[in-house]
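The values are calculated or read from the model by the stated rules, or taken from the named source; none is laboratory data. The structure displayed is predicted, hence computed values, not measured ones. FYI the Cβ positions are ideal-geometry reconstructions off the backbone, even for glycines, and counts take in every protein chain you see. Accessible surface is based on the protein model in full, side chains and every heavy atom, while ligands, DNA and RNA are left aside. Shrake-Rupley method; radii C 1.70, N 1.55, O 1.52, S 1.80 Å.
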Amino acid sequence: MKTFQSWNALVKKRNALAEGGICGFKMRQLPFMGVICTVMLFIVYRTTDYQYHKTEMETRFHPFATVKDYHLHLGKLRGLPRGIMQARSDLELRPLWSSNSQSKASVTTNKNLLAMPVGIKQKDYVDDVVKKFLAANFTIILFHYDGNVDGWWDLGWGEKAIHIVAHNQTKWWFAKRFLHPDIVSVYDYIFLWDEDLGVEHFDPTRYLEIVKSEGLEISQPALDPNSTEIHHRITIRARTKKFHRRVYDLRGKTKCSNSSEGPPCTGFVEGMAPVFSRSAWYCAWHLIQNDLVHGWGVDMKLGYCAQGDRSKKVGVVDSEYIVHKGIQSLGGSGHPTMRTTMKRHGASSFDLRTEIRRQSTWELKVFKERWNQSVEEDKNWVDPFLRYQRRSKKHKRQDN
């Protein structure tokens with residue numbers, strides 16, 4: 001019996017030693033497993049970070065660039081050290097010499113941009129606008145569609161503005177060619193205005209304060225009800241409001257009610273005086289068609305560039321408003337050379353303004369066709385506002 005108890009004790013001792021060895025082995029494994037997990041997490045992080053920066057670099061060259069395009073551009077830059085490359089520019093005028101140029105070489109003081117197509121016949125209106133924007137520290141770029149630049153040098157600010165000349169070209173033609181997002185990316189807001197606007201009741205600084213506080217990516221100042229031309233009710237100034245995002249109107253062809261989810265009832269600004277944030281302009285520039293120079297139809301799609309829900313990110317500022325004079329410039333009575341009638345293959349004379357309107361109407365048709373075709377061909381694109389509409393209807397059902 002004693003021998004059996006001794007044998008039993010020996011077996012228990014051996015098992016205890018074995019269990020202790022296994023436990024010790026497991027304890028010794030823990031630091032090793034920790035190192036393995038840390039290494040794996042580091043590899044996952046580096047891979048994700050690399051993919052993110054790679055995608056960012058691809059879209060920096062072109063928003064729709066392929067990997068092949070990215071490597072092609074990268075190859076072209078291979079001869080330069082990374083630190084010397086500057087991917088952005090601006091429209092600031094630089095002095096040929098300065099006593100302290102070294103300290104000012106990389107300083108851009110103006111953070112917002114005003115761009116306008118101008119003709120000498122509207123010189124007084126333009127003068128009023130530019131003075132207000134210069135006082136608010138804006139960069140000014142004027143697109144001269146009538147070729148007359150010399151007529152502006154007598155104004156005190158003439159040499160402070162940038163002047164670009166191209167005969168009989170539209171605002172959208174100029175914007176597409178001279179306001180590339182990479183060039184204007186240093187500016188927080190881009191004002192792309194017509195020339196026939198009265199600014200007696202408008203202050204750029206107060207306007208931007210409202211835009212920023214309300215989170216408006218695309219906006220416009222409201223139009224005085226006494227303006228000569230008003231095309232959409234949503235642009236009319238509401239006297240008791242600071243700003244508005246939608247309009248209610250059951251009159252006329254287009255009915256705007258609480259259930260209206262898109263332009264021109266909400267999420268809409270007109271093409272005469274739009275204001276874009278930097279991000280919104282990056283998108284809007286790509287929406288502007290290179291060959292459709294009148295821009296008809298673009299205003300109805302600008303909400304897609306609002307960086308979110310257009311019913312919240314697009315608005316009209318009422319407290320800072322303008323007067324639309326409705327002066328026809330290109331092809332209109334404001335431009336003497338455009339009143340000339342012409343003979344076409346022996347046919348009766350025709351007015352150039354009529355021809356321009358016919359061209360604009362044709363461009364609108366083409367733009368709509370291109371949009372519809374693009375939507376049909378891009379199988380990966382989903383209309384973001386269909387989601388917003390479904391979500392809005394769901395919330396309304398829950399409220400009821």
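List of remarks:
- Test item: Cα-centred dipole of segment 133-241, Lys/Arg +1 and Asp/Glu -1 on Cβ, debye: 400
- Subset of LYS160/LYS301; LYS253/LYS301; LYS176/LYS242; LYS121/LYS255 violating a 28 Å alpha-carbon distance limit: LYS160/LYS301; LYS176/LYS242; LYS121/LYS255
- Inter-probe distance in nm under a simple model that places probes 7 Å from Cα toward Cβ, at LYS212 and CYS37: 4.6
- For HIS180 and LYS131, the difference between the fully extended length at 0.36 nm per residue and the C-alpha to C-alpha distance is 15.1 nm.
- Our estimate of slack between ARG353 and GLU92, defined as 0.36 nm per intervening residue step minus the Cα-Cα distance, is 90.4 nm.
- Approximate spin-label separation LYS111-LEU77, in nm, with each point projected 7 Å along Cα-to-Cβ: 2.6
- Accessible-area value, ILE230, 1.4 Å probe, nucleic acids and ligands omitted, Å²: 60
- Carbon/sulfur fraction of accessible area - segment 124-219, other protein chains in place, 1.4 Å, %: 45
- Counting only heavy atoms of the protein chains and using a 1.4 Å probe, HIS167 has close to 120 Å² of accessible surface.
- By accessible area with a 1.4 Å probe, ligands and nucleic acids excluded, highest first: order of LEU96, LEU216, LEU386: LEU96, LEU386, LEU216
- FRET E, pair MET85, HIS163, Förster distance 30 Å, beta-carbon r, rounded to 0.05: 0.50
- Separation between Cα centres of segment 250-316 and segment 152-170, rounded to whole Å: 29
- Förster radius 45 Å - calculated FRET efficiency between TRP362 and LYS242 (Cβ-Cβ, nearest 0.05): 0.70
- A simple spin-label model places pseudo-atoms 7 Å from Cα toward Cβ; at ASP150 and VAL375 they are separated by 5.2 nm.
- Only protein heavy atoms count here; under a 1.4 Å probe, TYR248 has an accessible surface of about 130 Å².
- Full extension of the segment from ASN226 to ASP203, taken as 0.36 nm per residue of separation minus the current Cα-Cα distance, would add 6.4 nm.
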